[in-house]
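Remarks on the structure that follows.
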Amino acid sequence: MSNIAEQNFEIRSFETFLPELEERGWSILRPDAIANDPADTLSRLGKLLPQYNGQLTFDVTYKAGFDDAPYSQSMNGLGAHTEAPGYQPPPKYLALYCHRQARCGKGQTLLADGVRFYDHVLDADLRIWADENQIQFVAASKPGEGDHKTFSAKIREEQNGQAVMRFSYNLFRYGNVNPSATDVANADRLKDAPLARIAEQGEAWFANNLTPVLIPDGCMMVWNNHRLIHGRGDYADSARHLTRYWIA
Ligand SMILES: [Fe+2]
């Protein structure tokens, strides 16, 4: 069953994909534009990077054990974030190759322009605070894992004249990029801090401005992770399967 129809985007050849990725910040490659190994196609954009698991690929699919956590391998929704905000720099591009999309009609990848939010929407007092303060980005490699990776950076920076945005609703609100159920349960202690207010404003803006994309089977979406914030809607089909790539 194809799920290509009824959504408001084009699937692209590599040549038309590149300018759209540059201008809009995201684009989708159609099946015949993707090499047998999608990594070969992505290496035309940049160097593939090892992910939290130490590998160049990560399976975004349901795995038992994370049902209470907002984690990629659960079927839960994921709040607004940029990928790997604790890395310096974070991966420039993120790609999801879709082996099999959820058949329940849910599980959309959600995208919005985080730089626009920070520069034009965030309350001025919070932007002044964030312009002046470094954030400690703490990430367990998966929920409940002890090996935290941390890096201090501002939410919004410039590198080589281009914006680099770091945002994590989970970190700003729960204290960890991959929070455990306990971190989520204890979130009240953080709720009035500037970071938590930035998280709530960002998440509310994201909810009203996101583009939902159900990546069609056999297609691959790529987006600029220095500019866009992403999230995921919850879903109910454990056979949903995508492969994630990070590109420098
Ligand atoms: Fe993500």
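A few comments on the model shown:
- Residue in segment 22-30 that is surrounded by fewer than 19 Cβ atoms within 10 Å (Cβ to Cβ), away from the ligand (no atom under 16 Å from the Cβ) and not in a helix (DSSP H, G or I) present: yes
- Among residues of segment 227-244, those that are within 14 Å of the ligand (Cβ to nearest atom) and either free of Cβ contacts under 8 Å to residues at least 12 places away in the same chain or closer than 15 Å to PRO85 by Cα (or both), counted: 4
- Filter result (part of a loop (DSSP other than H, G, I, E, B), among the hydroxyl-bearing types (Ser, Thr, Tyr) and within 16 Å of the chain's Cα centre (by Cα)) within segment 56-72: THR57, TYR71, SER72
- Evaluating TYR235 against the criteria (1) touching a strand residue (DSSP E or B) at 6+ places or on another chain (Cβ under 9 Å); (2) buried (at least 19 other Cβ atoms within 10 Å of the Cβ) leaves one unmet condition, (1).
- Those residues of segment 188-213 which are closer than 24 Å to ARG100 by Cβ and out of contact with any Ser or Thr (no Cβ under 8 Å at 6 or more places or on another chain), in sequence order: LEU210, THR211
- Unmet requirement for ARG166, which otherwise passes all of (1) under 26 Å from ILE34 (Cα atoms); (2) surrounded by 15 or more Cβ atoms within 10 Å (Cβ to Cβ); (3) touching a Phe, Trp or Tyr at 6+ places or on another chain (Cβ under 7 Å): (1)
- Options THR150, THR211; residue that is of a type in the set (Val, Ile, Thr), away from the ligand (no atom under 16 Å from the Cβ) and farther than 24 Å from GLY46 by Cα: THR150
- Criterion: exposed (fewer than 14 other Cβ atoms within 10 Å of the Cβ), without any contact (Cβ under 8 Å) to a residue 40 or more places away in the chain and either within 23 Å of VAL213 (Cα to Cα) or hydroxyl-bearing (Ser, Thr, Tyr) (or both) - qualifying residue of ALA124, ALA35: ALA35
- Residue list for segment 56-71, restricted to those being of a type in the set (Gly, Ala, Ser) and within 29 Å of ASP37 (Cα to Cα): ALA64
- Being at pLDDT below 95, hydrophobic (A, V, I, L, M, F, W, C) and within 27 Å of ARG116 (Cβ to Cβ) holds for only one residue in LEU242, LEU210, LEU214, LEU190, and it is LEU190.
- Residue check for GLU6: away from the ligand (no atom under 16 Å from the Cβ) and at pLDDT below 90: yes
The values are calculated or read from the model by the stated rules, or taken from the named source; none is laboratory data. Predicted model, so just to flag it, every value in this text is computed and none were measured. Neighbour counts run over all protein chains shown; Cβ positions are idealised from the backbone, glycine included.
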